[in-house]
Amino acid sequence: MSKPWWQDKLVYQIYPKSFCDANGDGVGDLAGVLSKLDYLKQLGVDLVWLSPIYRSPFVDQGYDVADYYAIDPAFGSMEQFDQLLAETRRRGMGVVMDLVVNHCSDQHVWFQKALADPTGPYADYFYFRPGKEGGPPSNYRAYFGGSAWEPVPGTDLYYLHSFAKQQPDLNWYNPALREEIFRMVNWWLDKGLAGFRVDAIINIQKQLDFPDYPADGPDGLASIWRMVQDAEGIEAFLGELRDRCFAPHDAFTVGEVFNLKDGQLRQFVGEHGLFSTIFDFAPHMLASGPNGWQTPEEFKFAAWRGAVFAGQAACPADGLLGTIIENHDEPRGSCRFLPAHAQNDAGAKMLGTASLLLRGIPFLYQGQELGMRNCPMASIGEYDDLETHARYDAALLEGKTPAEALALCQATSRDNARTPMQWNGGPGAGFTTGRPWMRLNPDYPTRNAAAQQTDENSVLRYYQRLIALRKSGEWGEVFSEGSFAPVWDTHPSLFAYRRAFAGRAVLVAANFGAQPVEQPLETPARLLLESTGSPAPLAAALAKGQLALAPCQAAVLALAPEKIPEEVPEQAGA
Ligand code: TEU
């Protein structure tokens, strides 16, 4: 089996609206991205994933595509995009685009033609269905709230939208629609794109009779997820997409896939997988309590470690998961996957160490490398995200007070991660010379890339060293190809694992507790990296065969080679 080209790559997600604004209109753009490629190269990034930059009315920040073949003018031009391809290639990097094909925008010409002729061929690009008993065809709630069915004006028909009503679902059961998508995907790959992050893709499978489900909320509706979960057949669509588009281009693909059924992971990743990788969202699911986002859960170390390790164990030996702390849909990891005492820069470095060296393809989200934090807004009016507004309204409907509803938004809003990138401490945080489209996190005067670049002990400089180790000539293969084995996995505060490859092994260990820990080591170990900038106590302990970690300290140790083959359990089949 030959090793895929993307096996040792590290991906950095750019949220284009909030990354860097070169023309001063307050919105990030492609010229801004171009100006930061050297920063990304220095960080150690291989692939740059851009959240959608297609022409869009931005009801859902570009996840509502009006033209799959055009760059939105807010971001720049196709010439600038081609320049981005050339400039990344020149630096040995690649570009990954977001592929949003569960739905498009209601402004897309396909939908406009469908509305103009609701029984014509374009209506079958979507799900147009007659209503039932004077209401919609079924009782589904869209992910962003309200009925998932919207009336088609001038008819007794409704169209289906899993997300906002401005995002009509595309009908993958129509071969003509699939051809349009394959043609478009190939058009981008022919340009020299490295691959795609494939949005919300599990939703393309439907039960075409759209059965009702028992209501699960005070609105009398049932989440559309119920219908998707009981639907089947996605493998056929994705297999066609792989065989017609991804495989011939040897593209890198990562699926945004939630809640796979037992045994399904094997089909999604691995040598003949439907994608190169899929995100492991299991740790993120822990943040939702019994009532979903309405009951956010505090961080519980053992449950989180269990979820991460379960993902590592479930991944087939010939496949990799996308390991991820944060993205544009989630609150910042530095405020989420750390106990209260560790929600600081030391914690951010520890969490980065624990996550980036796991078996998998590491994904970083812009600002993670600065330890950027949630930005609680003072009023609901300061939030831009439609999902946050929908949640606020739903919480009020549930009987919560405005203050309680706002607190829920502050804890769970996607806008926590969408505040502009903090490049320096000057006006506009170096993100823009104009008025930023969304307010800056007030910590930008002290937390910014320029300040961290000159501080040896900063989160940024630590991430640079961490990534350099992950990709180093000496240890790179251990991290990109090695097996994974949990260590001390019932310890109350240690997050630790071994990675091993071809007779070489490392131990990654992090102390999430508020007290120092000490553990005897079975093998002599040499310090490769530690996160606090005070290695002396750890080095002294290692000389005595002990691992000693202060609170919030993470370390990477090389284990003595002669002991490794018997001592390190290889992952099944690895
Ligand atoms: O998200 C898909 C998805 O399942 C969302 O419901 C997501 O889990 C939720 O927003 C988390 O709070 C993708 C994109 O990542 C998201 O930004 C888009 O809004 C969505 O698809 C629709 O395209």
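The values are calculated or read from the model by the stated rules, or taken from the named source; none is laboratory data. Just so you know, these numbers come straight off a predicted model, no measurement behind them. Cβ: placed from backbone, ideal geometry, glycine included. Neighbour counts: every protein chain shown.
Figures for the structure shown
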quantity: Residue within segment 26-49 that is closer than 18 Å to A194 by Cβ and more than 21 Å from the chain's Cα centre (by Cα) present; calculated: yes
quantity: Count - residues of segment 508-566 that are hydroxyl-bearing (S, T, Y) and either modelled with pLDDT under 95 or in a strand (DSSP E or B) (or both); calculated: 1
quantity: Close pairs (7 angstrom Cβ cut-off, 6 or more residues apart or separate chains): closer than 21 Å to R129 by Cα in segment 200-221, of a type in the set (S, T, Y) and at pLDDT 95 or above anywhere; calculated: N203/S162; L208/Y173; F210/S138; P211/S138; D212/S138; L221/Y140; L221/S147
quantity: Residue in segment 450-471 that is surrounded by 20 or more Cβ atoms within 10 Å (Cβ to Cβ), over 23 Å from the mean Cα position of the chain (by Cα), closer than 19 Å to L528 by Cα and in contact (Cβ under 8 Å) with a residue 60 or more places away in the chain present; calculated: yes
quantity: Filtered residues of segment 24-44 (kept if of a type in the set (A, V, I, L, M) and either more than 17 Å from Q452 (Cβ to Cβ) or surrounded by 23 or more Cβ atoms within 10 Å (Cβ to Cβ) (or both)); calculated: V27, L30, A31, V33, L34, L37
quantity: Hits in segment 392-425 - residues which are more than 16 Å from the ligand (Cβ to nearest atom), surrounded by fewer than 20 Cβ atoms within 10 Å (Cβ to Cβ) and within 18 Å of D329 (Cβ to Cβ); calculated: none
quantity: Residue pairs meeting the criteria (Cβ under 7 Å; at least 6 apart or on separate chains; first farther than 15 Å from G292 by Cβ, in segment 385-397; second acidic (D, E)); calculated: D385/D415; L386/D60
quantity: Filter result (away from the ligand (no atom under 16 Å from the Cβ), surrounded by 15 or more Cβ atoms within 10 Å (Cβ to Cβ) and among the basic types (K, R)) within segment 162-193; calculated: R178
quantity: Number of the condition not met by E369 [criteria: (1) surrounded by 19 or more Cβ atoms within 10 Å (Cβ to Cβ); (2) more than 21 Å from the chain's Cα centre (by Cα); (3) of a type outside the set (S, T, N, Q)]; calculated: (2)
quantity: So F431, is it over 30 Å from L557 (Cβ atoms), of a type in the set (F, W, Y) and crowded, with 20+ Cβ neighbours inside 10 Å; calculated: yes
quantity: Segment 156-176 residues that are over 26 Å from E240 (Cα atoms), paired with ones that are part of a strand (DSSP E or B) (beta carbon under 6 Å, 6 or more apart); calculated: D156/P130; L157/F128; L157/P130; Y158/R129; Y158/W149; Y158/P151; K165/E150
quantity: Filtered residues of segment 60-87 (kept if within 16 Å of the ligand (Cβ to nearest atom), within 19 Å of N186 (Cα to Cα) and among the hydroxyl-bearing types (S, T, Y)); calculated: Y68
quantity: Candidate set from segment 304-354 (those that are aromatic (F, W, Y) and farther than 21 Å from L370 by Cβ); member that is nearest to the ligand (Cβ to nearest atom); calculated: W304
quantity: Among residues of segment 95-110, those that are surrounded by 22 or more Cβ atoms within 10 Å (Cβ to Cβ) and either more than 28 Å from S51 (Cα to Cα) or away from the ligand (no atom under 15 Å from the Cβ) (or both), counted; calculated: 1
quantity: Those helices (runs of 4 or more DSSP H) lying entirely in segment 282-368 with at least 2 residues among the hydroxyl-bearing types (S, T, Y); calculated: 345-356
quantity: Among residues of segment 243-270, those that are surrounded by 16 or more Cβ atoms within 10 Å (Cβ to Cβ) and more than 21 Å from the chain's Cα centre (by Cα), counted; calculated: 3
quantity: Wholly within segment 72-154, strands (runs of 3 or more DSSP E) carrying at least 3 residues that are closer than 23 Å to V198 by Cβ and in contact (Cβ under 8 Å) with a residue 40 or more places away in the chain; calculated: 94-99
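Let's see how each residue does on (1) buried (at least 19 other Cβ atoms within 10 Å of the Cβ); (2) within 28 Å of the chain's Cα centre (by Cα); (3) farther than 30 Å from D46 by Cβ; (4) within 13 Å of the ligand (Cβ to nearest atom):
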{"residue": "A200", "(1), (2), (3), (4)": "yes, yes, no, yes"}
{"residue": "I204", "(1), (2), (3), (4)": "yes, yes, no, yes"}
{"residue": "P211", "(1), (2), (3), (4)": "no, no, yes, no"}
{"residue": "P214", "(1), (2), (3), (4)": "no, no, yes, no"}
{"residue": "A222", "(1), (2), (3), (4)": "yes, yes, yes, no"}
{"residue": "V228", "(1), (2), (3), (4)": "yes, yes, yes, yes"}
{"residue": "G233", "(1), (2), (3), (4)": "no, yes, yes, no"}
{"residue": "F237", "(1), (2), (3), (4)": "no, yes, no, no"}
{"residue": "E240", "(1), (2), (3), (4)": "no, yes, no, no"}
